[in-house]
Amino acid sequence: MPTRTTTLKPAPRWLRRVAWAAFAVTVPSAVWRVLMIAGFMPGTAELRAFELADDHLVGYAYVFGLSIVQLTTSFLTVGLASRWGVVLMNRPVPRLPVIVVAALGGLAVTWLFTISMATQVLTGHRPDAGHTHGTALVVMVACYAPIVLWGPLKLLATYGYWQRRRTTLPAPQLRSQRRQVVSGG
């Protein structure tokens, strides 16, 4: 019976760029959100008061937690193009769970930021509930606009990871394996 051999191809330059871009597009909105809730973003006092209206502790925890989760999960995309996405602590990283989780994550953030958020904005529903105006609104939009690319970039990086981690069989072994399957052996 032929044995399967995995050949690890080095991450191509395009994959490394896409993976880092997927991380980079999440940074501006996370930084803006933290600066806003901390009171360091001029022109956002009304939005800050709105976000902290019910419970200050919950508001701070939500915004900081959301930013940490966003940056952490987006940084995991870099692993799709890095050695630690293939071998972690001298152990091989299982390929299928990584691809499934990355693909589902890519689809989720594509839905959240590329489809849902864009649809909401285009139909007049602003994420800031109309609490930001003027220059502060322009800065907010500039910080949030790149995040619409997160999902498509993550999906593209997932495809690159799949290509890189494909299991291959040498051609003669592949033919003999096909014959065995066809003949029932």
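A short reminder: the numbers here are calculations on the coordinates, not readings from a lab. Keep in mind that this is a model prediction, so the values were computed, not measured. Positions of Cβ are backbone-derived with ideal geometry, glycine not excepted, and every protein chain shown enters the neighbour counts.
Mind ordering 119-125, 82-88 by average Cβ neighbours within 10 Å, highest first?
Ranked from most to least packed, the peptides come out as 82-88, 119-125.
So, counting K/R as plus one and D/E as minus one, what does the shell of residues with Cβ under 14 Å around residue 20 add up to?
Taking every Cβ under 14 Å from that of residue 20, the sum is +4.
Can you order the peptides 16-29, 66-79 by their average number of other Cβ atoms within 10 Å per residue, highest first?
16-29, 66-79
In debye, nearest 20, what is the charge dipole magnitude of the range 11-183 about its Cα centre with +1 on Lys and Arg Cβ and -1 on Asp and Glu Cβ, if you could check?
1620 debye
Along the Cα→Cβ direction, 7 angstrom out, place labels at residue 142 and residue 89. What is the inter-label distance in nm?
It works out to 4.3 nm between the two label points.
Modelled label-to-label distance, residue 133 and residue 56, 7 Å Cα→beta-carbon offset: nm?
Once both label points are built, they end up 2.6 nm from each other.
At 222 nm, what value in deg cm²/dmol follows for the chain if DSSP H runs of at least 4 each add -39500 (n - 2.57) and the sum is divided by all its residues, to the nearest 500? Display every interim value, and only then the final one.
Working: 9 runs with 111 residues, N = 185.
Computed mean residue ellipticity for the chain: -19000 deg cm²/dmol.
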